[in-house]
Every structure is written in C-alpha cells, then in structure tokens.
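Enquirer: Could you have a look at this structure, given as structure tokens, before my questions?
The values are calculated or read from the model by the stated rules, or taken from the named source; none is laboratory data. Remember, predicted model here, so these are calculated numbers, not experimental data. Please note: Cβ atoms are built from the backbone with ideal geometry, for glycine as well, and neighbour counts cover all protein chains shown.
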Amino acid sequence: MNYKNLTIIGTSHISKESIDSVKSFIENEKPSIVALELDYKRVHALLHPNPAKKNHFYTLKSVGVKGFLFSLMGEWAEKKLGKMVGVKPGTEMITALKTAKKNGIEVVLIDQDIEITLRRFSKTLSWRERFNFIADIIKSPFSKNKITFDLNKVPSQEMINYLVSEVKKRYPNVYKVLIEERNDVMARRLYNLMKENKKILAVMGAGHEEEIIGLIKKIEKDKEKIKS
C-alpha cells in the first residue's frame, strides 16, 4: 500500500511469503528508511530468544496479570503456528532489520513500548470480554463457520477486515488497546518521518495499513487547518 513517499507492506509474522516480500523490496527499491512495527524490547527478544533468561516476575509486576497472561498466550500460539509452517514468529521483521543494515539503510522502530500496551490491556479488559473469550474457546470446536486460510501466505484483505470487525464487536477494549491506540502511535511517528521527504518502507502486521494511512491523512488535514 502506497501513500506519497511511504510504502507499507502488511505481513504475517509466520509467513515465508512475507519474508520474501520484505527482503525483495528492500534490496530492489532501496528505501532511505525502514520503519518496523516493533519497539526496542521486542527487537531484543527476537534477536536474543533465550526463555531461560526471562524475568517473568518483573514482567508480571510491570504489565499486570492479564497483560502477562495475554503475552504468554500470544507467544505460545505464534510458536505453535510457526512450527506448523517452519517459520519462527517475527522472522520477517528480523529479515527487514538485517537486510536494511546490510544495505546501509536507516531502521526506525515505530511501535509503542510493549509494556505500555500490556499494562493498558490489563487495565481495560472487561469482564464481558473475558466471558466472551471463554465462550469462544468452548464453542470453537463445534462451530460450523470455521475460518481456513493458508498459513504460508498473508491473509486476504477481505479476511483481515472480517477478523478485525469481529474483534472490534466482541472485544472492543482489546481492539482499542491492541489496534487503535498503537495505530495512532505508529501513524504519528510515520507522519514525522514522511516530512523528511525520504523514501520510507514500513513493515507491519497485515490489517494496520488502511487505518494508519487514514490517520496520516487526518493528521495532515489537521495541520493544514491550523496553518490556515
């Protein structure tokens, strides 16, 4: 997805297709900046995957019980799916980072600090959403409307839109914290980078692209109103 001097590649964190797309774009298009949907803590975790050294007590104290459990569940699910396709979760991000560094391209981390996100998750998750989560787990084996897609590829935009709308409907606070608030942070950071008039590639999970470009356009409009 393109807007002015910004190109966004939406990825799947366990997709070989995403790895190839990111590497090919950086090597062939040579952007001036590669912006990643990561913060410093997640980069460090991806580059140094050593569970034995993780301080779970510190994480629990820092982000709260619900944020901590959500983090563990998400990590477990990504690893399980990653094993199914033979790709470690986040490989496309590390590929983007290493390919950019190899080509002398500036790398900028644009995501919100993961601890802020998880603390917000702990504070905002409602009882209704917790009950919905339990109900969805119980019902999922018996559901007739099972969603299937190729784990080796990035899901279609139609599929992403459907899944996002379901999350927004059943888990409004989760949507706000994990998608809406982070999109706002990333959009503002990308807007500031775009002012440098350099060619920018942003690599982020599929589903963020449309809203982030919409937010950037809104920021631009607001700035124009202030000028006039």
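Enquirer: Return a yes/no flag: does segment 184-201 have any residue that is in a helix (DSSP H, G or I) and at pLDDT below 75.
Expert: Checked segment 184-201: no residue is in a helix (DSSP H, G or I) and at pLDDT below 75.
Enquirer: Same structure, new question: Taking the options 192, 197, 183, name whichever one is crowded, with 16+ Cβ neighbours inside 10 Å and of a type in the set (S, T, N, Q).
Expert: 183
Table: residues versus (1) farther than 13 Å from residue 22 by Cβ; (2) surrounded by fewer than 18 Cβ atoms within 10 Å (Cβ to Cβ); (3) over 17 Å from the mean Cα position of the chain (by Cα); (4) modelled with pLDDT of 80 or more.
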residue: 70; (1), (2), (3), (4): yes, no, no, no
residue: 77; (1), (2), (3), (4): yes, yes, no, no
residue: 81; (1), (2), (3), (4): yes, yes, no, no
residue: 90; (1), (2), (3), (4): no, no, no, yes
residue: 97; (1), (2), (3), (4): no, no, no, yes
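Enquirer: Only residues that are polar (S, T, N, Q) and within 18 Å of the chain's Cα centre (by Cα): list them for segment 15-41, please.
Expert: Listed by number, the residues that qualify are 15, 18, 21.
Enquirer: Restricting the search to segment 191-205, which residues are in contact (Cβ under 8 Å) with a residue 60 or more places away in the chain and among the basic types (Lys, Arg)?
Expert: Hits for segment 191-205 are 198, 199.
Enquirer: Report, ordered by the first and then the second residue, all pairs with beta carbons closer than 7 Å, sequence separation of six or more or different chains, a first member in segment 206-224 that is at positive phi, and a second member that is at pLDDT below 90 and assigned to a helix (DSSP H, G or I).
Expert: 207/160; 207/164
Enquirer: With respect to residue 114, is the statement that it is hydrophobic (A, V, I, L, M, F, W, C) and modelled with pLDDT of 85 or more true?
Expert: When the stated conditions are applied, residue 114 passes them.
Enquirer: Could you grab the pairs with beta carbons closer than 9 Å, sequence gap of 6+ or different chains, first residue in segment 175-190 and of a type in the set (Lys, Arg), second one surrounded by fewer than 18 Cβ atoms within 10 Å (Cβ to Cβ) and assigned to a helix (DSSP H, G or I)?
Expert: The qualifying pairs are 176/124; 176/168; 188/219.
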